[in-house]
Amino acid sequence: MDLVCPAGTPASLRAAVGAGAHAVYCGFADETNARNFPGLNFSRAEMAEGVAFAHAQGVKVLCAINTFPRAGQQAIWHRALADAEAAGVDAVILADLGLLDHARCHHPGLRLHLSVQAAAANADAIGLYAAAFGVRRVVLPRVLTVEEIASITREVAVETEVFVFGGLCVMAEGRCALSSWATGLSPNMNGVCSPASHVAYADTPGGQEARLGGLLIHRTPKGAPAPYPTLCKGCFTSGDQTGHLFEDPVSLDAMTLLPALKRAGVTALKIEGRQRSRAYVTEVVRAFRAAIDAVEAGRPLPAAQLQRLTEGQAATTGAYAKTWR
Amino acid sequence: MDLTIGPNAFFWPRETVRAFYRDLAAAPFARLVIGEWVCSKRLPFWDQEIPQAVETLQAAGKEVAISSLALITLPRERRQTAALFETGLPVEIADLSALRHMPNSYPFWVGPTVNVYNEGTLDWLASRGARRICLPVELPLASISVLARAGAERGVAVEVWGHGKAPLALSARCYHARLHDRAKDACLFVCGEDPHGRDVSTLEGRSFLTVNGIQTLGQAVTTVAGQIERLRSAGVSSLRLSPQPGDFPALVAAYAAAGPDLLGQVQGLLPGQLIANGFAEGQAGLALQKG
């Protein structure tokens, strides 16, 4: 299995390559990718340099152009596709039907991966993207169990890539407007979710309050770690219940499932976190590369120490276990 | 600009469903989408009502399509989706994978949970035979205008979310069951207790979201009542009204008449409920722009 690692910056790309990535994924510094955060991502020149550096080490580069082009402004996304191909990337990761169609018509030599933002959650959807656009690999949404993944890989002639570590969407990705309901900015249109520009923290007698778009998302006791106010992991009230009604502030860690994912026929394992630091990337990539090497060689998994890197210090195997539902 | 009634998002007893479509048949709208949109486990409880409702509505001169689920994962759900194309009715795809089951040149509509954000996607769907497209709820007027124009050029009717709690998200997990400490497979159909979904507020008591099985909606009722003229001049073909409890035929009649104070009228028909219209203005969806 290949390890696909986040590169939010050229420095992170070099760190991931050095730590044992088989491939890195990155995007241009604009709204064409789903991690459109200030200070992140690649200029055109940096993309070409990153590709040259990675290729020299035998590592592939995948370019995410995975937001949904704005009506009337599609040229911005079309240009990103052409520039990614010119930079020599090994594949582009796309979500939008129109952009996939454009890529198939105008960049026939470019390898197409289907972004998790396309939310292809069953063999029919994947088969459709393969037949219509020649998609070669699909990043599976985080709504599937390991058994469902195994049945998909048996049924489709497309490589599968699954998330194994990092941020965890509890909603079907690419089909979620919670962030735009609260802030007007969304993953699909703007490449951001629960954007930092709309976050405010305040110390109050009741504790530290974290707000998004003016809405109170968390209140944590003084001194306790305050999680980032991501909407779906906020603390809310419904009837007589108060708590993390959608999901606790946890993140995904599926390392223990690597043998099962290999048996399920998965091609590539993805680490989330282009917004993370170089040190974080180095540590997570090194640990997962060691784990993959162990699984491939039939050895037991090494004891991992990644707990302190997970959000809110708690981890879950998410939808991969059926009990999560 | 005419009116389309969307599929009912909520889990209602079959008697309620029967009365809803019977009473609606006389209301002034052009077409309607029926079918289970949210959870395949609900369907056996009310699908016997579908043939009668379709007959009644067609007899009243309404065009009727049948909806797919918005999130299709299980083998059973894939089979159910394939069977929709045996009904002879136009199928509204709410999950793109439904297209995989579609016979050649079968008429289909596209629901608001399929991502149509630009002309390229509209073109592709049109080339596959889409007749109508209801745009995603979060699109601002600027995008709606471009897409309405593109649709008109290609013979595809472009519709926007006109009224109803906005469909914001879908999950593999059932939040209704989770609120009752149950797993999705042992939900005991608890979503049936909340005919307009279960409201979720912030810790300060501000209304925010509504949980409806695996679906999350905005709690405030989204309405374009204050934006009708701009949508009309943008070339929007139809407004989608989403079923809700209460006097729904009166709401339909209000939108059909589209009088000068439609926003106030809609608010009057929804006592105790918040309304919102931020999405069309390019703002937070829960915002309300007056006048």
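The values are calculated or read from the model by the stated rules, or taken from the named source; none is laboratory data. All values derive from a computational prediction rather than experimental measurement. For neighbour counting, all protein chains shown are included, and Cβ atoms are generated from backbone atoms with ideal geometry for every residue, glycine included. Heavy atoms of the whole protein, side chains included, go into the accessibility calculation; ligands, DNA and RNA do not. Shrake-Rupley method; radii C 1.70, N 1.55, O 1.52, S 1.80 Å.
So residue A:172 passes all but one of these: (1) in contact with a Ser or Thr (Cβ under 9 Å, 6 or more places away or on another chain); (2) in contact (Cβ under 8 Å) with a residue 60 or more places away in the chain. Which condition number does it fail?
Failed condition: (2).
Checking the structure you have, find out if any residue of the stretch B:236-247 is more than 24 Å from residue B:138 (Cα to Cα) and within 18 Å of the chain's Cα centre (by Cα).
Residues of the stretch B:236-247 that are more than 24 Å from residue B:138 (Cα to Cα), as a first pass: B:246-247.
So of that shortlist, the ones also within 18 Å of the chain's Cα centre (by Cα) come out as B:246-247.
Yes, some residue in the stretch B:236-247 is more than 24 Å from residue B:138 (Cα to Cα) and within 18 Å of the chain's Cα centre (by Cα).
Of the residues A:80, A:52, A:84, A:16, which single one is surrounded by fewer than 19 Cβ atoms within 10 Å (Cβ to Cβ) and in a helix (DSSP H, G or I)? Give the derivation first.
Values: A:80 fails: surrounded by fewer than 19 Cβ atoms within 10 Å (Cβ to Cβ); A:84 fails: surrounded by fewer than 19 Cβ atoms within 10 Å (Cβ to Cβ); A:16 fails: surrounded by fewer than 19 Cβ atoms within 10 Å (Cβ to Cβ).
Only one candidate qualifies: A:52.
Criterion first (touching a His at 6+ places or on another chain (Cβ under 6 Å) and not acidic (Asp, Glu)) does residue A:71 satisfy it? Full working, then the answer.
Numbers: touching a His at 6+ places or on another chain (Cβ under 6 Å): no; not acidic (Asp, Glu): yes.
Taking the combined requirement at face value, the residue does not satisfy it.
When the residues of the stretch A:55-77 are narrowed to those that are touching a Phe, Trp or Tyr at 6+ places or on another chain (Cβ under 8 Å) and away from every other protein chain (no Cβ under 14 Å), which ends up surrounded by the fewest Cβ atoms within 10 Å (Cβ to Cβ)?
A:62
Quick one: residue B:36 ticks every box in (1) in a loop (DSSP other than H, G, I, E, B); (2) of a type in the set (D, E, K, R); (3) open to solvent by 40 Å² or more (accessible area, probe 1.4 Å) bar one, so which box is it?
Every listed condition holds for residue B:36 apart from (3).
Against the conditions (1) under 21 Å from residue A:62 (Cα atoms); (2) at pLDDT 95 or above, where does residue A:131 fall short? Just the number, please.
(1)
If you go through the stretch A:215-222 one residue at a time, do you hit one that is over 30 Å from residue A:186 (Cβ atoms) and either of a type outside the set (Lys, Arg) or free of Cβ contacts under 8 Å to residues at least 40 places away in the same chain (or both)?
First, pick out the residues of the stretch A:215-222 that are over 30 Å from residue A:186 (Cβ atoms): A:221-222.
Those still in the list that are either of a type outside the set (Lys, Arg) or free of Cβ contacts under 8 Å to residues at least 40 places away in the same chain (or both) too: A:221-222.
Within the stretch A:215-222, one or more residues are over 30 Å from residue A:186 (Cβ atoms) and either of a type outside the set (Lys, Arg) or free of Cβ contacts under 8 Å to residues at least 40 places away in the same chain (or both).
Looking at the stretch A:212-234, which of its residues are within 25 Å of the chain's Cα centre (by Cα), facing chain B (nearest Cβ under 9 Å), farther than 30 Å from residue A:148 by Cα and not in a loop (DSSP other than H, G, I, E, B)?
Selection gives A:217, A:218.
State all residues of the stretch B:39-50 that are open to solvent by 10 Å² or more (accessible area, probe 1.4 Å) and in a loop (DSSP other than H, G, I, E, B); if no residue qualifies, say none.
Matches in the stretch B:39-50: B:39, B:41, B:46.
Quick one: in the stretch B:87-145, which of the residues that are among the aromatic types (Phe, Trp, Tyr) and either without any contact (Cβ under 8 Å) to a residue 12 or more places away in the chain or touching an Asp or Glu at 6+ places or on another chain (Cβ under 6 Å) (or both) is nearest to residue B:276 (Cα to Cα)? Break it down stepwise before answering.
Quick first cut of the stretch B:87-145, residues among the aromatic types (Phe, Trp, Tyr) only: B:106, B:108-109, B:117, B:124.
Now narrow it down to the ones that are either without any contact (Cβ under 8 Å) to a residue 12 or more places away in the chain or touching an Asp or Glu at 6+ places or on another chain (Cβ under 6 Å) (or both): B:109, B:124.
Values: B:109: 26, B:124: 32 Å.
If we take residues in the stretch B:87-145 being among the aromatic types (Phe, Trp, Tyr) and either without any contact (Cβ under 8 Å) to a residue 12 or more places away in the chain or touching an Asp or Glu at 6+ places or on another chain (Cβ under 6 Å) (or both), then B:109 is nearest to residue B:276 (Cα to Cα).
Name the residue, out of A:290, A:303, A:297, A:314, that is open to solvent by 30 Å² or more (accessible area, probe 1.4 Å) and closer than 30 Å to residue B:194 by Cβ.
Values: A:290 fails: closer than 30 Å to residue B:194 by Cβ; A:303 fails: closer than 30 Å to residue B:194 by Cβ; A:297 fails: closer than 30 Å to residue B:194 by Cβ.
Only one candidate qualifies: A:314.
Which condition from (1) open to solvent by less than 20 Å² (accessible area, probe 1.4 Å); (2) more than 18 Å from residue B:218 (Cα to Cα) is the one that residue B:154 breaks?
Against the list (1) open to solvent by less than 20 Å² (accessible area, probe 1.4 Å); (2) more than 18 Å from residue B:218 (Cα to Cα), residue B:154 comes up short only on (1).
Among the candidates B:235, B:226, single out the residue that is more than 14 Å from chain A (Cβ to nearest Cβ), part of a loop (DSSP other than H, G, I, E, B) and more than 20 Å from residue B:24 (Cβ to Cβ).
Details: B:235 fails: more than 14 Å from chain A (Cβ to nearest Cβ).
After ruling out the rest, the residue left standing is B:226.
How many residues are among the β-branched types (Val, Ile, Thr) and within 19 Å of the chain's Cα centre (by Cα) if we restrict to the stretch B:41-57?
Residues of the stretch B:41-57 among the β-branched types (Val, Ile, Thr): B:50, B:54, B:56.
If we keep only those that are within 19 Å of the chain's Cα centre (by Cα) too, we end up with B:50, B:54.
Of the residues in the stretch B:41-57, 2 are among the β-branched types (Val, Ile, Thr) and within 19 Å of the chain's Cα centre (by Cα).
Give the residues of the stretch A:241-287 that are of a type in the set (Asp, Glu) and either at positive phi or not in a strand (DSSP E or B) (or both), sorted by residue number. Before you say what the answer is, go through the steps one by one.
Taking the stretch A:241-287 as the starting set, the residues that turn out to be of a type in the set (Asp, Glu) are A:247-248, A:253, A:272, A:283.
Of everything in the stretch A:241-287, those that are of a type in the set (Asp, Glu) and either at positive phi or not in a strand (DSSP E or B) (or both) turn out to be A:247, A:248, A:272, A:283.
If I ask for residues that are touching a residue at least 24 places away in the same chain (Cβ under 8 Å), under 20 Å from the mean Cα position of the chain (by Cα) and open to solvent by 50 Å² or more (accessible area, probe 1.4 Å), which ones from the stretch B:257-275 would you list?
Selection gives B:273, B:274.
In the stretch B:169-196, which residues are more than 9 Å from every other protein chain (Cβ to nearest Cβ), without any contact (Cβ under 8 Å) to a residue 24 or more places away in the chain and either at positive phi or assigned to a helix (DSSP H, G or I) (or both)?
Listed by number, the residues that qualify are B:181, B:186, B:188, B:190, B:193.
Among helices (runs of 4 or more DSSP H) lying entirely in the stretch A:97-198, which contain 1 or more residues that are surrounded by fewer than 21 Cβ atoms within 10 Å (Cβ to Cβ) and more than 9 Å from chain B (Cβ to nearest Cβ)?
Working: elements: A:97-106, A:123-133, A:146-155, A:178-183, A:187-190.
Because the criterion is at least 1 residues that are surrounded by fewer than 21 Cβ atoms within 10 Å (Cβ to Cβ) and more than 9 Å from chain B (Cβ to nearest Cβ), the helices (runs of 4 or more DSSP H) in the stretch A:97-198 that meet it are A:97-106, A:123-133, A:146-155, A:187-190.
Hey, residue B:223 hits all of (1) in contact (Cβ under 8 Å) with a residue 40 or more places away in the chain; (2) over 26 Å from residue B:147 (Cα atoms) but one; which does it fall short on?
Only one criterion in (1) in contact (Cβ under 8 Å) with a residue 40 or more places away in the chain; (2) over 26 Å from residue B:147 (Cα atoms) is unmet by residue B:223, namely (2).
Quick check: anything in the stretch B:151-159 without any contact (Cβ under 8 Å) to a residue 12 or more places away in the chain and at negative phi?
Let us first name the residues in the stretch B:151-159 that are without any contact (Cβ under 8 Å) to a residue 12 or more places away in the chain, namely B:153.
Now drop any that are not at negative phi, which leaves B:153.
Yes; the residues of the stretch B:151-159 include at least one that is without any contact (Cβ under 8 Å) to a residue 12 or more places away in the chain and at negative phi.
Take residue B:31 and decide whether it is open to solvent by 10 Å² or more (accessible area, probe 1.4 Å) and within 17 Å of the chain's Cα centre (by Cα).
So residue B:31 fits the description; yes.
Consider residue B:96 carefully, then state whether it is crowded, with 19+ Cβ neighbours inside 10 Å and touching a Gly at 6+ places or on another chain (Cβ under 8 Å).
Here the answer is no, as residue B:96 does not meet what is asked.
Residue A:290 is checked against (1) in a loop (DSSP other than H, G, I, E, B); (2) away from chain B (no Cβ under 14 Å); (3) more than 18 Å from the chain's Cα centre (by Cα) and fails just one. What number does that condition carry?
Exception for residue A:290: condition (1).
(1) in contact with a helix residue (DSSP H, G or I) (Cβ under 8 Å, 6 or more places away or on another chain); (2) within 14 Å of chain B (Cβ to nearest Cβ); (3) part of a strand (DSSP E or B): which one isn't true of residue A:237, the others all being true?
For residue A:237, the failing item is (1).
Mind counting the residues in the stretch B:1-11 that are surrounded by fewer than 20 Cβ atoms within 10 Å (Cβ to Cβ) and within 15 Å of residue B:246 (Cβ to Cβ)?
So the answer is 0.
Answer yes or no: is there a residue in the stretch A:261-282 that is small (Gly, Ala, Ser), crowded, with 19+ Cβ neighbours inside 10 Å and at pLDDT below 95. Walk me through it before giving the result.
Residues of the stretch A:261-282 that are small (Gly, Ala, Ser), as a first pass: A:264-265, A:268, A:273, A:277, A:279.
After this cut, where a residue has to be crowded, with 19+ Cβ neighbours inside 10 Å as well, the list is A:264, A:268, A:273.
Among the residues that remain, those that are also at pLDDT below 95 are: A:273.
Within the stretch A:261-282 (the criterion being small (Gly, Ala, Ser), crowded, with 19+ Cβ neighbours inside 10 Å and at pLDDT below 95), the answer is yes, since at least one residue qualifies.
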